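I have placed the structure first, in the form of structure tokens, so that the comments after it can refer back to it.
Only the coordinates and a few stated rules stand behind these numbers; no lab work does. Keep in mind that what you see is a predicted model, and the values were worked out from it rather than measured. Cβ atoms come from the backbone with ideal geometry, glycine included; neighbour counts cover every protein chain shown.
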Amino acid sequence: MVVGAGPAGLAAAWAIRQAGAEPLVVEQADSVAASWRKRHDHLRLNTHRMFSHQPGARIPRGLGSFGGTVLHASTARCRAISR
């Protein structure tokens with residue numbers, strides 16, 4: 001069981017899945033990375049997307065070299081875990 005669907009929780013769930021187990025991710029809020037969405041809706045990364053992605057979920061080129069919000073990265077991460 002992973003508590004929290006923020007970037008760290010999603011990365012942990014990915015690692016559990018890679019180890020061959022099915023993670024159960026529980027989140028108090030109704031969406032992935034909800035605390036980031038409330039506080040940082042326009043946050044952009046300071047590092048190139050090549051170095052800023054989470055395991056198993058690269059940030060799409062369409063968001064630019066430094067593009068994307070942490071929210072977008074977390075949402076993509078959630079999709080990667082669910083595969």
Subject >> Label-point separation, residue 12 to residue 39 (7 Å along Cα→Cβ), nm >> reply: 1.8
Original post:
Considering amide H positions built from the backbone, and no H for Pro or chain starts, which residues 5 or more places from residue 57, or on another chain, come under 5 Å of its amide H?
Top reply: none
**OP:** Sticking with the crude label model, points 7 Å out along Cα→Cβ, report the distance from residue 63 to residue 31 in nm, one decimal please.
**Re:** 1.4
**OP:** Per residue of segment 53-65, in order, report the coupling 6.51 cos²θ - 1.76 cosθ + 1.60 (Karplus, θ = phi - 60°) as ³J(HN,Hα) in whole Hz, putting x for Gly and Pro.
**Re:** 6, 9, x, x, 8, 6, 7, x, 4, x, 8, x, 4
**OP:** Starting with the highest mean, order 3-16, 47-60 by the number of other Cβ atoms within 10 Å, averaged over the residues of each peptide.
**Re:** 3-16, 47-60
